[in-house]
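Asker: This is the structure, below, for whatever I ask next.
What follows draws every value from the coordinates through simple rules; no lab data is involved. Everything numeric here is computed off the predicted structure, so don't read it as measured data. Cβ atoms come from the backbone with ideal geometry, glycine included; neighbour counts cover every protein chain shown.
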């Protein structure tokens, strides 16, 4: 399951399942989001970007991959956290559509993962900040939100494992332990990191608490912007 598991509970009217039917097991990895801006924007840090946005004659255009997507909620959370207004631009073509327009300069910013780091390395885009609390070992020069002065900025994706709720607790614990052991393998760990994921195995009770925390945070964000959830 993914980030959508939490978001769908907040936005979907009729889910084909009940969240209580599933038991959280572990979190193989988080998907940290970086804030990318177009290459010719005259900023080189998050502080400069915020100052630029506050002085701009129009709200900066943030692309997103559709209502309720990671990039959509990241744009809303970013605007709330740093105190700026943004123009949200949704794309039926999703992430690729938004990134194409960011590369072409039609929009100002977009949030996505490390998979797009190469465009920042090539100076075609600029990456300003990473949303979760820690820098990535394979992207050490990109500051995480606490180092950039905004520790509350944290709308990242994740990929987790769940099982039917009636699965015995001992089996749930064993699956979590097995996943943690696999992720300790150096080659697998490196491969997961190369995919833009941050390995973060948890015990079932830890993952359950993580999901509840995610739901609480996203619920507040969605309620603040309920009128924008039908874009």
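Asker: In degrees, nearest 10, range 0 to 90: what is the angle between the Cα axis of helix 94-104 and the longest Cα principal axis of the chain?
Answerer: The helix 94-104 is inclined about 30 degrees to the chain.
Asker: From largest to smallest, what semi-axes in whole angstrom does segment 34-130 give when each is the square root of 5 times an eigenvalue of its alpha carbon gyration tensor?
Answerer: Numbers: eigenvalues 61, 53, 29 Å².
So the three semi-axes of segment 34-130 are 17, 16, 12 Å.
Asker: Over segment 99-175, consider all pairs of different Cα atoms and compute the Kirkwood hydrodynamic radius from their mean reciprocal separation; express it in Å, one decimal. Show your work: numbers first, answer last.
Answerer: Details: mean 1/r = 0.0658 Å⁻¹.
It is 15.2 Å.
Asker: Among DSSP bridges having both ends in segment 34-130, what percentage is antiparallel? Round to the nearest 5.
Answerer: Working: 9 of 15 bridges.
Around 60 percent of the beta bridges assigned by DSSP in segment 34-130 are antiparallel ones.
Asker: If each of residue 20 and residue 51 carries a label point 7 Å out from its Cα toward its Cβ, how far apart are those two points in nm?
Answerer: 5.3 nm
Asker: I'd like the orientation of helix 46-55 relative to the chain: the angle between its Cα long axis and the longest Cα principal axis, in ° from 0 to 90, rounded to 10.
Answerer: Roughly 50 degrees between the two axes.
Asker: Rounded, prolate or oblate: which one fits segment 179-221, using the alpha carbon gyration tensor with axes a ≥ b ≥ c (rounded when a/c is under 1.5, else prolate when a/b beats b/c, else oblate)? Mind dumping the intermediate values first?
Answerer: Working: a/c = 6.64, a/b = 1.88, b/c = 3.53.
Oblate is the answer for segment 179-221, as a/c is 1.5 or above yet b/c matches or exceeds a/b.
Asker: Per residue of the chain, what 222 nm ellipticity follows from adding -39500 (n - 2.57) for every DSSP H run with n ≥ 4, rounded to the nearest 500?
Answerer: Mean residue ellipticity at 222 nm (helix-derived): -12500 deg cm²/dmol.
Asker: Test of understanding: what is the full-extension gain from residue 180 to residue 134, defined as 0.36 nm times their sequence separation minus their Cα-Cα distance? Don't skip to the end; give the middle numbers.
Answerer: Values: separation 46, 0.36 × 46 = 16.56 nm, distance 1.96 nm.
So the extension gain works out to 14.6 nm.
Asker: Calculated from the structure, mean projected area of the Cα convex hull in nm² equals which of (i) 12.9; (ii) 18.9; (iii) 14.3?
Answerer: Here the calculated entry is (i).
Asker: Let me ask something additional. Could you work out how far helix 204-224 tilts from the main Cα principal axis of the chain, as a 0 to 90 degree angle to the nearest 10?
Answerer: 40 degrees
Asker: If I model a spin label at residue 228 and residue 171 as a point 7 Å from the Cα along the Cα→Cβ vector, what separation in nanometres do I get?
Answerer: 4.3 nm
Asker: Which residue fluctuates most in the GNM of the chain (Cα springs below 10 Å): 114, 88, 54?
Answerer: 54
Asker: Given all pairs of different Cα atoms, what value in angstroms does the Kirkwood hydrodynamic radius of segment 114-231 take? Show your work: numbers first, answer last.
Answerer: Values: mean 1/r = 0.0592 Å⁻¹.
For segment 114-231, the Kirkwood estimate is 16.9 Å.
Asker: Pull up the DSSP beta bridges for the chain and report the antiparallel fraction as a percent, rounded to 5.
Answerer: On the way: 20 of 27 bridges.
Taking every DSSP beta bridge with both residues in the chain, the antiparallel ones total about 75 percent.
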